[in-house]
Amino acid sequence: MDFSLDNQSPDKVSVDCVIVGVFENNELSPSASALDKISQGFITNLVKQGDIEGKSGQTLLLHQLSEVVAKRVLLVGCGKKDKLTASQFRKICNTSLKFVNSSASQSVFICLTELEVPGMGTHRKIRQVVESAHYTDYRFEETKSEKTPVKHPLETVFISADTESVSNREAIKEANAIGLGVNLARELGNLPGNICTPTYLAKQAVQIADDYKNIKATILEQTELEKLGMGSFLSVAKGSREAPKLIILEYSGADKNNKPHVLVGKGITFDSGGISLKPGQAMDEMKFDMCGAASVIGTMKTIAELQPDLNVVAIVPSCENLPDGLANKPGDVVTSMSGQTIEVLNTDAEGRLILCDALTYSEKYEPASVIDVATLTGACVIALGKHPAGLLSNSDELVEDIKAAASTSQDRVWQLPLWEEYDEQLKSNFADMANIGGRDAGTITAACFLARFTKKLKWAHLDIAGVAWESGATKGATGRPVPLLSQYLLDRCNKG
Ligand code: BES
Ligand code: MN
Ligand code: ZN
C-alpha cells in the first residue's frame with residue numbers, strides 16, 4: 001500500500017473513492033460540504049431523507065456523484081460534531097477503511113484529517129489513518145488451504161493534508177513502521193501452537209536481525225539457561241517436548257554508553273495450565289499466551305524500520321506449559337536465577353515463573369527502563385475488561401512516560417496499585433514465596449511477584465490479557481501493545 005499527502009479539493013481527485021465525514025444533526029464536514037455544493041445539495045438531500053443520520057460508524061456509498069471526478073464517495077458517520085474523541089476517530093478510520101477494502105476501490109482519497117478532534121493534531125490524525133489502513137488490510141491465511149485472492153486490493157491512499165509539512169510525512173513513515181510491527185505481532189499471535197513454537201519464534205527473531213541493520217539476535221538454549229541458573233523458567237519448560245528458548249534482540253541505534261530500554265515479552269506458545277489443567281472451554285485461545293512476546297518482537301521490527309537514535313533490547317523467554325511426567329507439580333519448589341526460591345502452588349501461574357528469570361537476566365544491561373508485557377492474568381480481564389492493558393510499576397516517572405505514550409498512540413493503559421500490603425499474599429511456608437496469592441486482586445499479586453525480581457530496575461509491567469486478542473466471531477490477535485511500546489521508545493529518543 002502506498003500513502004501520500006494531497007491537498008486538492010475533494011471533487012477534483014481522480015480516485016476510486018473519496019471518504020468524507022457526516023455528523024449528526026445535519027452537519028457536514030468541510031469536504032462533505034464542498035462535495036454537496038458542487039453536486040447541488042445531493043448530500044444534504046440524502047441526510048434530510050434519512051439515508052444517513054451521521055451516527056458514528058454509519059456508512060453510505062454514493063456512485064458517480066455529479067461534477068465529482070472520483071468514481072465513488074463514501075459518507076461516513078462521525079457522531080456529534082462536538083463529541084468527537086480520539087477513540088471515536090479511530091473507529092471512524094477503521095470503519096471507512098474496512099468498507100473500502102470490501103468495495104471495489106483500489107485508490108482512495110481520505111478527507112478525515114480535517115475533522116477536529118480535541119488533543120489530536122494533524123500528525124496524529126495522519127498516523128491513525130495509516131495505521132487503520134494497515135490494520136484493516138491484514139488477513140490471516142497462513143493455515144487456510146485456499147488463499148482467497150482480494151479482487152480489488154486497496155493500493156493507493158491519498159490523505160488530505162499539507163504536502164509540504166515534514167511532520168506530516170514523518171507521520172506516514174512512523175505509521176507504516178508501526179503497521180508492520182502490529183501485523184507481525186498479529187500473525188505470530190494467530191499462528192497455532194503446533195506451528196508457532198519457541199523454536200519458530202526464535203527463527204522469526206533471527207529473521208529480523210538478518211533483514212535489518214543494527215539488530216543482533218542471540219538465542220540461548222537449554223544448556224545455557226541451565227548455566228545461568230534459570231531454574232524457574234526451566235521448571236515450566238520441562239513439562240514439554242519443545243525446546244525452550246531465551247530470545248534476545250539487541251537494537252543499537254545510539255552510542256554504546258546510552259543505556260538501553262529493555263522490553264520483556266511472555267512467550268508461552270501454549271498454556272494448558274500444566275498439571276493444574278485449565279478447563280477445556282476456549283482453551284484454544286491459550287495459543288495467544290505468547291502475545292507479549294509477539295508484541296515485543298513486533299516492536300523491534302518497527303524500531304528496525306525507523307532506526308531511531310537509541311538502544312533497545314528485547315528479551316523473550318519462550319516455552320510451552322503442558323502436563324507431563326516431568327512437569328511442575330503443585331507444591332514443587334524451584335530456584336530462580338536471582339537465588340530466590342518459589343513454591344509452585346499452581347502450575348497455571350507459569351507466566352511469572354518464566355518472566356522472573358528473564359527480568360533478572362535484564363539486569364546485565366543496566367537498563368534505562370524495563371517494561372515486561374504479558375498475558376498474565378485472567379483477573380485483569382475481570383478488572384478492566386478488554387479496553388486498557390493493566391499497568392503496574394515501581395517507578396512513578398516510568399508510569400507517566402507510559403501513560404503519555406498510551407495517550408499519543410491511543411493504545412490505552414490503566415494503572416493498578418502495587419502496594420506492599422498485597423505482597424503479603426505471596427507468603428509461603430516452604431519457600432521464599434508462593435507463585436500465587438489467592439483469589440483477591442490476582443493481577444496485582446502477579447505484579448507483586450514480578451516486583452520481587454525487579455528491585456534494582458526502573459520497571460513496569462503491562463498485563464495484556466484483555467487487549468492482546470479478540471474472541472468470538474472476530475477471534476484473532478490485535479497486535480497490541482505494539483503502538484504503545486513503539487511510541488514509548490520514540491518518545492525516549494526525542495527527549496534524549
Ligand atoms: N495465560 C494465563 C492468563 C490468561 C487467562 C489470560 C485467560 C487471558 C485469558 C495465565 O498463565 C494464567 O493461567 N493465569 C492464572 C493465574 C492464577 C492461577 C493465579 C489465571 O489467570 O487464572
Ligand atoms: Mn497459565
Ligand atoms: Zn499463561
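The values are calculated or read from the model by the stated rules, or taken from the named source; none is laboratory data. Please read all numbers here as calculations on a predicted model, not as lab measurements. No Cβ is skipped: glycine too gets one built from the backbone with ideal geometry, and neighbour counts run over all protein chains shown. Ligands, DNA and RNA are excluded from the accessible area calculation, which covers all protein heavy atoms including side chains. Shrake-Rupley method; radii C 1.70, N 1.55, O 1.52, S 1.80 Å.
Conditions tested, residue by residue: (1) free of Cβ contacts under 8 Å to residues at least 40 places away in the same chain; (2) out of contact with any Asp or Glu (no Cβ under 9 Å at 6 or more places or on another chain); (3) closer than 28 Å to Gly267 by Cβ; (4) part of a loop (DSSP other than H, G, I, E, B).
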| site | (1), (2), (3), (4) |
| --- | --- |
| Leu112 | no, yes, no, yes |
| His134 | no, yes, yes, no |
| Thr163 | no, no, no, yes |
| Ile172 | no, yes, no, no |
| Leu188 | no, yes, yes, no |
| Leu201 | no, yes, yes, no |
| Gln207 | yes, yes, yes, no |
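Please work out which residue is surrounded by the most Cβ atoms within 10 Å (Cβ to Cβ), limiting yourself to the stretch 428-469 and to residues that are in contact (Cβ under 8 Å) with a residue 60 or more places away in the chain and acidic (Asp, Glu).
Here the answer is Asp463.
Being open to solvent by 10 Å² or more (accessible area, probe 1.4 Å) and over 15 Å from Ile208 (Cα atoms) is the filter here, so list the residues in the stretch 171-189 that pass it.
Residues satisfying the conditions are Ile172, Lys173, Glu174, Asn176, Arg186.
Considering only the stretch 281-320, state which residues are surrounded by fewer than 24 Cβ atoms within 10 Å (Cβ to Cβ), away from ligand 1 (no atom under 16 Å from the Cβ) and among the charged types (D, E, K, R).
Once the filter is applied, which keeps residues that are surrounded by fewer than 24 Cβ atoms within 10 Å (Cβ to Cβ), away from ligand 1 (no atom under 16 Å from the Cβ) and among the charged types (D, E, K, R), the stretch 281-320 yields Glu305, Asp309.
Look through the stretch 265-280, keep the residues that are more than 19 Å from Leu462 (Cβ to Cβ) and within 11 Å of ligand 1 (Cβ to nearest atom), and return whichever of them is surrounded by the fewest Cβ atoms within 10 Å (Cβ to Cβ).
Pro279
Of the numbered conditions (1) within 25 Å of Gly331 (Cβ to Cβ); (2) open to solvent by 10 Å² or more (accessible area, probe 1.4 Å); (3) touching a residue at least 24 places away in the same chain (Cβ under 8 Å), Glu226 fails exactly one; give the number of that condition.
(3)
Can you tell me which residue in the stretch 357-380 is nearest to Pro260 (Cα to Cα), limited to those that are within 13 Å of ligand 2 (Cβ to nearest atom) and assigned to a helix (DSSP H, G or I)?
Ranking the candidates gives Cys380 first.
Please work out which one of (1) free of Cβ contacts under 8 Å to residues at least 40 places away in the same chain; (2) of a type outside the set (D, E, K, R); (3) away from ligand 2 (no atom under 14 Å from the Cβ) is the condition Pro279 fails and give its number.
Among (1) free of Cβ contacts under 8 Å to residues at least 40 places away in the same chain; (2) of a type outside the set (D, E, K, R); (3) away from ligand 2 (no atom under 14 Å from the Cβ), the lone unmet condition for Pro279 is (3).
Looking only at the stretch 338-356, count how many residues are within 22 Å of Asp463 (Cβ to Cβ) and in a loop (DSSP other than H, G, I, E, B).
8
Scan the stretch 272-300 for residues that are within 12 Å of ligand 3 (Cβ to nearest atom) and of a type in the set (Asp, Glu) and report the count.
Adding up the residues that qualify gives 2.
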